[in-house]
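Before I ask anything, here is the structure I am working with.
The values are calculated or read from the model by the stated rules, or taken from the named source; none is laboratory data. Predicted, not measured: the structure shown is a model, and the values here were computed from it. In this analysis, Cβ positions are derived from the backbone assuming ideal geometry, glycine residues included, and neighbour counts consider all displayed protein chains. The accessibility values were calculated without ligands, DNA or RNA, using every heavy atom of the protein model including side chains. Shrake-Rupley method; radii C 1.70, N 1.55, O 1.52, S 1.80 Å.
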Amino acid sequence: MKEKKIIKKLNLSFLCLLLIAFCTACGLNKQSGEVVVENYDPMVDWKDPEVDPRGVFPEASIATGKTNPQIVGTKYETEEVVIADIIPTEMGYAVDPTGKTDSTDGIQAALYDCFVAGGGTVYLPAGNYAVTGTIYVPSYVTLRGDWQDPDDSTEYGTVISVWSDSEDSISKGTFDMSGCSGVVGMTVYYPFQSLYEVIPYPYAFYVPQGTDGRVITLKDITIINGYRGIGTQVELNHECLLIENIKGTFLHTGFGLNNQSDVGHVEDVTISSKYWMEAAADYMNKPTEYGIKSYMKANTTGLAITDLEWTKFSNITVDGCANGISIKKGYRMLFVGTMIDVNITDCTNSIYQEAADSRWGTPIARSNFEGDIVNVSKALLRTTDTTHEGKIKELEKGTVEFSEDDLSSYKIKYNATYKKPEGKLLIVDVKSDITTDASVAIQTALNEMAKQGGGVVYVPGGNYRLDKPIKVPAGVELRGASSIANREQLSFPAGTLFLCYYGDDANVNPDTDQALVTLDGDYAGISGVRFIYPENGVHDTDLKSTYTIRGNGKGVYAVNCFIMASGYGIDFRNCDNHYIANIYSCVWFNTFRLGGKDGVIRNCQHNGNMVTRTNAEGLPEDWPTEPFMSDLITEPIIRPNVQHLIVDKAENQQIIGVFAYAVHEFIINKDSENTLAINVGTDWMAEDGVQLTQDGGSMTVINCMRCHGKSYECVDGKLAMYNRVTIDDKTEKNEVIEK
């Protein structure tokens, strides 16, 4: 087999330094001057994401389509039970957790095979994996590692060492992401990188041109010494990028986020020199404190933002950069988004807004900026409870606004999650078949897991028909193949899809009739499943149905799910401590109805394109396609009818990062106390619709964006609104109304 060197030509001094350090750490042959990749056999070079890999890669990879789903006992704590469909180190793939040989092709083969099998998770245990080229993460597949928070310790867990050639490119990454794909729990390190000779690299994680780039997840990631961190291509738009819990040191750009339509979420980000300066070992070429801080202060931009639509930023820290946040002219439009709990310290420019949509502006709440604030656009920088040290430079006076209203008492539950079930697993023994009812087999497995005291019932990737309702017992989770957020998309369908034939009769009563899925007891949950109602499409004479999911107990949860063409979505009334996250939907009447104490809903989106962007099996021939969304969905159905989120007799409900397109009413707070909504927005609301309705109790809304419709209606109770921006209206101020 042909040998391949990981180490390339470098200048003599840096090469000696690097070889001594790396060979000492890895125990390699110091005489050879190279790291040899054993048994290296290149795969077919596949770069066209428009070609379905299921037809291309069986000859190039193992391509068995076989998986071995199992619960992984991670070394470090995780919020969910980790289920691995493929563990390459245990299943014969050419991966090396010692870092001595190249794991690129072995990881790639495992990812493709997981996709061939219907999607799921490829798990890399703790170790050091050498990578020399780009790895493409296919749709409905997650590459997962064992991640330790570098602020807790520097053992790191799963490390990707990037041995690629230096290349000054903004159009590729070490990991290229496809729609509904994800990377979770990784630490990335660049062995060639040193302050002795800073060399450029593409992004570590990248959304490339040509992908069906919708709902991509990057979570629990450390980048020790990156040049560029996370980037998106500029020519074709992507959607719904979810970035959560990213920490790193960067020498050029932390995030380069471009050309995103619909809503993205960027949460829990720290960019600082500390992650390289405090690296685990000397072989990581640790810089001096003075050296790295001086370099970043002169060269690094933390967040470089262009044309993002409605993206929500929260809990962001950027320290010691030339530019903390830079907002520049986009390729398709101008930036529209909201920010809260942003802490920019020791930066030359804390925020530099060169271009944003002048019809409204950028709301920033409860933040701190050390460094100049520069706004050379005509769009507002509207801030509340925000401190600032430095100069304010405005193209037009008054485009940087400060309000001193105190928001410190509002505690956002950034770390909210659900109680994960016991570490037991049952795999549903049922064939993927859209003509045979799978509900009995699923219910049987759920009942058996309840007898065992709780755990996870896993339905692997495939299409399944449900003719009967299902009950998930207390302490049991019904899990599909997606361990991250997912939705329907036009290309490369995979994941776990339920085709729903129960509960859409004309005579159903959604308030009283049994839901399709009942979370029937405390801490019951559902995750990673897509629901479609083939017989409740836009041409149906009656669009009613039961709720898709209903909770019956405390601590119930629904995460990483998709609901299409149901009349009603999720009903968690009277459910204390409920948790909802990453739900993508288009329903006809009511998406969420929430109650009980201390519930949380976060990062959810409603849009008519959820219906049109599908290639699912079993749909009628007249199912609407994208060109007919407005005529068949938006205008006749959802814009006149949808009451998106009803908070009903709740206490302390939190609504974080929720967005809806073309609904009639957005949030209705009914007889509910201390409801808190943060980073929310609506686009193309009905002209007679109301974004915020307060009818009994109290609600506070911070960072709210609106296009069309009416801002609010206070019928009864207290409504407090901070940092509102409305298209073509810059006059809305902070307001507290009591009736």
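With each pseudo-label sitting 7 Å past Cα toward Cβ, what's the S409-T78 distance in nm, one decimal?
Rounded to a tenth, the inter-label distance reads 4.1 nm.
Can you tell me the length gained on complete extension of the stretch D505 to K431, counting 0.36 nm per residue apart and subtracting the Cα distance?
24.0 nm
Give me the net charge of A126's neighbourhood, meaning all other residues with Cβ under 9 Å from the Cβ of A126; Lys, Arg count +1, Asp, Glu -1.
After counting each charged neighbour, the total is -1.
May I pose another question? Put a dot 7 Å past each Cα toward the Cβ at K297 and K391; how far apart are the dots in nm?
Distance between label points: 1.7 nm.
Continuing with the same structure: Only residues of segment 618-643 count here: report those whose backbone N is under 17 Å from the spot 7 Å along Cα→Cβ of D688, or say none.
Zone members listed by number: 635-643.
Calculated FRET efficiency, V715 and V440, Cβ-Cβ r, R0 60 Å, to nearest 0.05?
It comes out at approximately 0.80.
Then there's this: Obtain the nm distance between the two label points defined at R332 and S698 by a simple spin-label model: each point lies 7 Å from its Cα along the Cα-to-C-beta direction.
4.2 nm
Still on this structure, please answer the following. For L407, what charge total do you get from the other residues with a beta carbon under 9 Å from its beta carbon, if Lys and Arg give +1 and Asp and Glu give -1?
Local net charge: -2.
OK, next. Computed on alpha carbon atoms, what radius of gyration and Dmax characterise segment 463-593, expressed in Å?
13.6, 39
Next question. Order 73-79, 367-373, 175-181 from most to least packed using the mean count of other Cβ atoms within 10 Å.
175-181, 367-373, 73-79
Let me ask something else. Which FRET efficiency value, to the nearest 0.05, do you get for T288 and I199 by plugging their Cβ-Cβ distance into 1/(1 + (r/R0)^6) with R0 = 22 Å?
0.75
Can you tally the net charge around Q148? Count Lys and Arg as +1, Asp and Glu as -1, for every other residue whose Cβ sits under 9 Å from the Cβ of Q148.
-3
Can I ask one more? With n ≥ 4 as the cut-off for DSSP H runs, can you work out [θ] at 222 nm for the chain, using -39500 (n - 2.57) per run divided by the number of residues, rounded to the nearest 500?
-2500 deg cm²/dmol
Just to be sure I understand: of the beta bridges DSSP finds with both ends in the chain, what percent are antiparallel, rounded to 5?
5 percent
Quick check: residue separation of D631 and T512 times 0.36 nm, minus the Cα distance between them. What number comes out in nm?
Contour length minus Cα-Cα distance gives 39.6 nm.
Another question about this same structure. Could you state the accessible area per residue of the chain in Å², with a 1.4 Å probe and every protein chain left in place?
Here the residues of the chain average 34 Å² of exposed surface.
Give me the percent of accessible area attributable to carbon and sulfur for segment 613-739, probe 1.4 angstrom.
Answer for segment 613-739: carbon and sulfur cover 46 percent of the accessible area.
A further question on this structure: For the chain, with only Lys/Arg (+1) and Asp/Glu (-1) charged at the beta-carbon, what is the dipole magnitude about the Cα centre, in debye rounded to 20?
Roughly 1100 debye for the chain.
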